Amino acid sequence: MKSLFLKMFLCFCAANAILLWAIVLGYEIANPDQLPFSWPRVGKGAVISSARTAIETYERGGSAQLAQFLGTLEHDTGLKAELFDSSRHSVGQHAAEPVPPGDAPAFPNGQLVIRLRGRSATVRLSGQGGRSYVFVAIVPRREPSGFWSRTFLLLLILTGAVLCYMLARYITAPVVHLRAAASRFSHGDLSARITRASVLRRKDEIRGLAVDFTRMAERIETLLKAQQRLIADVSHELRSPITRLSLAVGLVRRNKEAGMGAPLARMEREVERLNTLIGQLLTLSRLESADQSPPMEILDLGALVREISADADFEAASSNRGVQLVECAACSVLGTRDLIRSAVENVVRNALKYTSPNTEVLVRLRRVNQGNAEIIVQDHGPGVPSQALAHIFEPFYRVEDARDRGSGGAGLGLAITHQIVRLHGGSVYAMNREAGGLELTVTLPVADAARRT
């Protein structure tokens, strides 16, 4: 059966049939007053035979023998009966339920007629002398079905529940596996695939989905690795000409002619920019292609943040800007010192680049709970459009109105920060402040929590 829809449809039909059977059986058990389905066929003959015997007994022995017969009948069969004459008066001495006038319908004279209503049966027939009689019988209540019927009903319900559970498990188990693989892939594990044999052996739509997911993952992994190789190869290829260009500028400066000072200084700045860009590209390429975490040690994050803030404040003094460390909690993290320093420094320098003159960048380090430390960096710049907040950590992404070429940088600093923080099991996100400016938050697991995970 290759259609998942058909499997679900048939299983639900089977479950509904079992449920309907259980309902009917439960109704039968809970309503013993209802007559069995075979009563109209079997009961008519028994009641008519009892009616004839009662008439014969009455005509032969009178009311006393009739009462004795009716008592024996009740004792043997549980059938409560009474015989009435044509005027609807009891002719026996047996204590039976009277016949309400409306319950004895008009019967054609001289004919044997039986009417069934609920648990009662009414028969009209004639005796030997042509005298008409009405025989009324009350069928006894059905006894409850007992322990075995209740057990059977319980087993029936449990069987339906087990079938429904098996159906739900059969449908959801591969979906859970697919979701887990998709989650791993979305968190950067490009090797995530659907490998469970129970999924790949199926012959329905879920197997097709698993195969398509695997093909998609392989294609995306191939494209991303090709992109990473391209960035790394281009960066390496650019290193040599940039180095030669830097040496050539140095030789020209030694033998410079009058008026060449400004152009040479500009060339040196551009060469330095290219060197910085290539270094960032190589760093980003190494971080993205890292198959395992680099060697880590326990670091004093508070001391590192204080050092970075002091250095950045000293460098920003020449541009009428500053860095203020507002809060610095004592905490340690498990990581690589150079990488974490680079991540935090990129965030602080990015804030200094866009904060307004004569303002300060505010830095806070605090523990938000027992497992995480937060580094919050706030600037007083123009902020970032809300639709761009989710993209500023992508390589080479630039916000046109605030991050143009004139501000320097190539849009790699925050991308490097994002990769470093992810490599250390943390996260980084950005939001606009209500008072203006951008707020970047770096979250890292503290050393104790990092060792536990």
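Tabulated data
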quantity: Förster radius 35 Å - calculated FRET efficiency between R201 and L155, Cβ distance, rounded to 0.05; calculated: 0.65
quantity: Summed side-chain charge close to V323 - residues other than V323 whose Cβ falls under 14 Å, Lys, Arg +1, Asp, Glu -1; calculated: -3
quantity: Spin-label model distance (nm) - D189 vs A46, 7 Å beyond Cα toward Cβ; calculated: 7.0 nm
quantity: Listed peptides 372-381, 356-365 by packing density, highest first (mean Cβ within 10 Å); calculated: 372-381, 356-365
quantity: Accessible surface of M296 - all protein chains present, 1.4 Å probe, nearest 10 Å²; calculated: 70 Å²
quantity: Cβ-Cβ FRET estimate between A182 and A17, R0 fixed at 51 Å, reported to 0.05; calculated: 0.90
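The values are calculated or read from the model by the stated rules, or taken from the named source; none is laboratory data. Treat the numbers as computed from the prediction; the structure is a model and nothing was measured. Using ideal geometry, Cβ is built from the backbone for each residue, glycine included, and neighbour counts are taken over all protein chains shown. To get the accessible areas, we keep the full protein, side chains included, count just its heavy atoms, and leave off ligands, DNA and RNA. Shrake-Rupley method; radii C 1.70, N 1.55, O 1.52, S 1.80 Å.
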